[in-house]
Amino acid sequence: MEKQIHPKVMKKILLSFAFLMVATLSAQTELDLITAVNLDSLSQTVREFTGEVATSVGGNSVTILNREEANNDLAGDYLVERFNAMDNLTVNDQAFNTNGRNIIATQLGKTNPNDIYIICAHYDSKADYCADDNASGTATVLEVARILSTQCMDNTIIYALWDEEEIGLRGANFYATQASNNGDNILGVLNIDMMGYDGDDDDDFDIDVRPIANSLGMKDDLVGLLATYGFNLNVNVVNPGTPASDHARFWDQGFSAVLVGESWENSDQTPHYHSSGDRYSTLDLPYFHEIAKLIMSYMVTKGSLVSVDNSLTMSSIALTSNMDNASYQWFDCSTNLPLTSEVSQSFSPTASGTYAVEVTVGSCTELSSCVDFTSLDADTFKLNMIKIYSNPTSSILHIEHSLNDDLAFELFSIEGKKVLETILTEKRTKVNMSQFTLGAYFVRITQDKKVFSQKIVIGK
């Protein structure tokens with residue numbers, strides 16, 4: 001049976017390093033998360049959500065045939081399960097009338113939990129399939145949630161999927177009215193409705209906006225991100241924007257909101273609108289993918305990554321977290337276990353292996369990549385400069401050296417716990433080992449950047 005990776009370990013990075021080389025491993029950036037938007041993942045969700053392929057709900061193989069009013073409970077259950085499978089989300093299955101149910105997942109901000117950004121789409125339909133309208137928007141909300149739910153964010157992000165948009169924007173109206181009555185501090189609502197069709201391949205898309213609250217500022221931010229990240233898209237700003245989608249209900253309540261989607265402004269919307277001809281095969285997948293990445297760029301920017309640096313610096317003798325003033329726990333990636341007592345910013349392995357550090361700042365915890373550390377590449381003492389005997393030993397360990405300065409002596413258990421440390425001030429030293437339990441240990445002797453390591457055994 002293969003060993004299971006610690007659940008917080010995102011990936012392994014295997015590194016080798018030469019004599020006294022120092023390597024730094026980078027933390028995830030906004031660009032990393034934008035790049036993580038996966039077309040295969042988007043496509044699979046669209047195909048499942050439109051009934052093109054079977055999926056699983058409640059442990060059963062099912063086909064979501066359509067999502068029309070009073071016939072979309074299966075679709076709602078699917079969305080609840082998808083959100084519940086993600087980390088750091090609180091899911092609200094919000095019934096607002098006999099048939100209508102909004103599916104809402106909240107990722108609470110670590111720094112500013114009352115500052116709220118919403119990414120949303122409607123999930124109901126007017127006919128069978130309806131891939132563009134609006135499985136495309138639904139899949140994008142789920143994809144953004146899949147990626148960002150693994151991150152610590154300064155601000156709260158709400159991933160909202162509205163019901164009964166097609167019969168009067170009812171789900172969004174219910175939520176927006178409640179939010180207004182509650183005084184929710186919603187700073188931006190990014191609504192996605194039909195984002196997968198580009199019939200003339202010109203890469204045009206629309207941002208629908210009106211001068212309500214900070215909606216124009218949201219538009220400006222999106223346009224700025226186009227240039228920042230070089231998305232292969234051309235923007236049409238529509239002002240006054242259409243009131244015919246869910247963002248309008250937030251305008252009604254005085255909230256900042258925009259609509260992002262394919263170019264109705266240039267009459268380049270799907271010809272299969274509100275019909276069963278709106279199939280997955282009609283989508284322009286690269287275009288769909290590019291708009292999804294633009295949307296991710298806005299949400300990760302506004303959600304704001306918590307400044308927990310989970311990167312490492314590696315030298316020939318130690319691993320060091322690059323995050324100061326935090327709490328630390330080092331892990332052995334090969335066993336998936338924390339290393340007892342290794343809770344300092346730096347860690348000096350006593351044996352070659354694969355290690356990671358878990359960094360906690362406030363309520364936010366992130367795990368570094370796993371690093372392959374080879375202690376044999378350290379700058380070692382010349383032959384016969386240091387001698388250790390008897391080995392195995394039952395009582396006294398003798399240490400002799402021919403060096404002029406003092407040496408640092410450390411003794412580690414096989415689990416990596418430091419059990420003894422002292423300074424060797426004499427050229428001949430006796431260390432009493434009878435106080436320790438029988439078994440294998442590692443001796444580590446250092447001076448400046450030189451290191452001597454040896455396995456010893458305490459026996460009878």
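The values are calculated or read from the model by the stated rules, or taken from the named source; none is laboratory data. These numbers come from a predicted model, not from an experiment. Backbone-built Cβ (ideal geometry, glycine too); neighbour counts: all protein chains shown.
Screening ASN60 on (1) touching a Phe, Trp or Tyr at 6+ places or on another chain (Cβ under 9 Å); (2) surrounded by fewer than 17 Cβ atoms within 10 Å (Cβ to Cβ); (3) of a type outside the set (Phe, Trp, Tyr) shows it passes everything except condition (1). Checking each residue in segment 409-439 for being surrounded by 14 or more Cβ atoms within 10 Å (Cβ to Cβ), part of a strand (DSSP E or B) and touching a residue at least 24 places away in the same chain (Cβ under 8 Å) picks out PHE409, GLU410, LEU411, PHE412, SER413, LYS418, LEU424, THR429, VAL431. Considering segment 169-220, and only residues there that are without any contact (Cβ under 8 Å) to a residue 40 or more places away in the chain and either not in a helix (DSSP H, G or I) or not assigned by TED's automatic domain parsing to the domain that holds LEU142 (or both), the residue that is nearest to ALA257 (Cα to Cα) turns out to be PRO211.
Of the residues making up segment 357-369, those that are part of a strand (DSSP E or B) and either more than 16 Å from the chain's Cα centre (by Cα) or assigned by TED's automatic domain parsing to the domain that holds ASP154 (or both) number 2. Candidates in segment 308-328 are the residues that are touching a residue at least 40 places away in the same chain (Cβ under 8 Å) and part of a loop (DSSP other than H, G, I, E, B); of these, the one that is surrounded by the most Cβ atoms within 10 Å (Cβ to Cβ) is ASN310. Picking from residues in segment 221-279 that are without any contact (Cβ under 8 Å) to a residue 40 or more places away in the chain and in a helix (DSSP H, G or I), the one that is farthest from SER180 (Cα to Cα) is ALA227. THR177 falls short of the stated requirement of being closer than 21 Å to LEU33 by Cα and not small (Gly, Ala, Ser).
Taken over segment 77-105, the criterion of being under 23 Å from SER136 (Cβ atoms) and surrounded by fewer than 22 Cβ atoms within 10 Å (Cβ to Cβ) is satisfied by ASP77, VAL80, GLU81, ASN84, ALA85, MET86, LEU89, VAL91, ASP93, GLN94, GLY100. Scoring LYS110 on the criteria (1) modelled with pLDDT of 95 or more; (2) in contact with a Gly (Cβ under 8 Å, 6 or more places away or on another chain) leaves a single failure, condition (1).
As for segment 95-109, it holds at least one residue that is within 16 Å of ALA160 (Cα to Cα), assigned to a loop (DSSP other than H, G, I, E, B) and aliphatic (A, V, I, L, M).
For segment 80-94, a residue qualifies if it is more than 20 Å from CYS152 (Cα to Cα) and assigned to a helix (DSSP H, G or I), and the qualifying residues are VAL80, GLU81.
Going by the conditions given, is ALA145 in a helix (DSSP H, G or I), among the hydrophobic types (A, V, I, L, M, F, W, C) and crowded, with 24+ Cβ neighbours inside 10 Å?
On the way: in a helix (DSSP H, G or I): yes; among the hydrophobic types (A, V, I, L, M, F, W, C): yes; crowded, with 24+ Cβ neighbours inside 10 Å: no.
No; evaluated as a whole, the condition is false for this residue.
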